[in-house]
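Derivation of every value follows stated rules applied to the coordinates shown; laboratory data play no part. Owing to the predicted nature of the structure, the values given are computational and were not obtained by experimental measurement. With ideal geometry, Cβ positions are generated from the backbone for all residues, glycine too; neighbour counts draw on all protein chains shown.
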Amino acid sequence: MAAKNINILGTGAYVPERVLTNEDLEKIVDTSSTWIMERTGIRERRIAAPDEDIVTMGVAAARLALAAAGLEARQLSYIILATNSPNYLYPAAAIRVQDALGLNGVIGAFDLQAGCCGFNYALYVAERLVAQEGKYALVIGSDANSRFTDWTNRSTCILFGDGAGAVVVGPAQKGRIVTSFIASSLNMNLHCETEFNQEVSPFLPPQTHTERHFLTMDGPEVFKFAVGAVKESIRRIMETTQLNREDLDFLILHQANWRILDAGARFAKVPMEKVFVNVDRYGNTSAASVPIALHEAVQEGKIKEGDKVLLVSFGAGATWGAALIEWGK
Ligand code: COA
């Protein structure tokens, strides 16, 4: 049975206990807390414990999202997990979440990789699956960026953190996902190569670059792209819905850098009180960033029923996308 109104029915989030402050980073690389605060707005970030990974964090966030939606895990039909930091190329992390939730063999679960925009991509897919089949989907964004960070590179290691966020998507009585889009365009300014066994392959030249499996970034170029992507996303959603920017009640932007949030807010003509900010506490948690921010905004009572909430993210790929939600369930 095709359902008409699809919405986010519950949110959840998990961040590791261990806090890594800017002062801690001063002891690891040649940087200063002041520089990091001024250029990024980040004060501290979380680091996954050795026994944590994208699955354990994702499961913790998922359980909270299910509880908030008032649903049991067995009512789910799909699990879509967005990540950029899988510790296994296969099996998919989503299937390990499925196993942890006791759903082996009953549903379909898969991973999706779209840089820091992964949550928006997964939400886009979930909305369409649910619209067609009238069932419930669990959407998770989970990243353990600390595992792919070059801790000798001050340009990148200051920016990222670990965490997970989750939402349950399903048919709603009130509110709906009004519109959403995803977009991409090849851009290598932010990339991370797979580490494979080039040393032992008789079919490939010997590996020369030992840092290849770390996250690599041209910061200023990515910054320019990010600001452009946020503006383009807001413009596109406004055009599709014929809404004015003043109609937006709350903005959840990908938490990469406070200066990008500020540029997005100015363009959207939304005062900073209506823009959620937790980049100061978590840094950039990639695919987890938007669902963690959404969960915290809901928990703090910043989003009310009927509010028009815009979720915007951008990331490696390059990828960008947005979803306009009329809050309610
Ligand atoms: N501490 C101190 N100095 C640092 C530093 C650090 N952690 N990292 C870089 N610097 C230095 C640089 O070496 C450079 O010095 P130089 O002028 O002597 O060469 C100077 O600071 C300026 O570097 P630059 O990279 O031009 O600064 P910036 O204003 O662009 O800020 C970023 C750097 C990374 C904070 C910023 O470009 C950014 O946020 N980019 C987007 C990143 C992002 O969002 N990525 C994820 C997208 S999903």
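Figures for the structure shown
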| read-out | value |
| --- | --- |
| Fully extended contour minus Cα-Cα distance, from Tyr88 to Asp51, at 0.36 nm per residue | 11.9 nm |
| Difference of contour (0.36 nm per residue) and Cα-Cα distance, Glu246 to Ser155 | 29.1 nm |
| Cα centroid separation, segment 100-120 to segment 1-73 (Å) | 17 Å |
| Amide H contacts of Thr179 (H built 1.01 Å from N, under 5 Å, at least 5 apart or other chain) | Leu324 |
| Theoretical ellipticity at 222 nm over the chain - DSSP helices of four or more residues, -39500 (n - 2.57) apiece, nearest 500 | -9500 deg cm²/dmol |
| Stokes-Einstein D in µm²/s, Kirkwood radius over Cα pairs - segment 67-186 at 4 °C with 1.567 mPa s viscosity | 84 µm²/s |
| Distant-in-sequence amide H partners of Asn5 (H built 1.01 Å from N, under 5 Å) | Ala172 |
| Simple spin-label estimate for Glu239 and Glu17 in nanometres, 7 Å along Cα-Cβ | 5.0 nm |
| Cleavage-rule hits, GluC sites (Glu not before Pro), segment 260-329, DSSP coil, Cβ neighbours within 10 Å at most 15 | Glu300, Glu305 |
| Qualifying trypsin sites (Lys or Arg not before Pro) for segment 98-192 [loop in DSSP, other Cβ within 10 Å: at most 14] | Lys174 |
| The chain, dipole about Cα centre (Lys/Arg Cβ +1, Asp/Glu Cβ -1), debye to the nearest 20 | 1020 debye |
| Within straight-line cross-link reach of Lys135, lysines at Cα separation under 26 Å, skipping those fewer than 8 residues along the same chain | Lys4, Lys174, Lys304, Lys308, Lys329 |
| Sites Asn104 and Lys4, calculated FRET efficiency, Cβ-Cβ separation with R0 22 Å, nearest 0.05 | 0.10 |
| Mean-position separation - Cα centroids, segment 253-326 and segment 162-181, in angstrom | 14 Å |
| Kyte-Doolittle mean at least -1.0 and Cα axial length at least 18 Å: DSSP H helices in the chain | 54-69, 118-133, 219-241 |
| Residues whose placed amide H lies under 5 Å from that of Asp307, excluding near-sequence neighbours | Trp327 |
| Vicinal HN-Hα couplings computed from phi for segment 318-323 (Karplus, 6.51 cos²θ - 1.76 cosθ + 1.60; Hz; Gly/Pro x) | 7, 10, 7, x, 8, 9 |
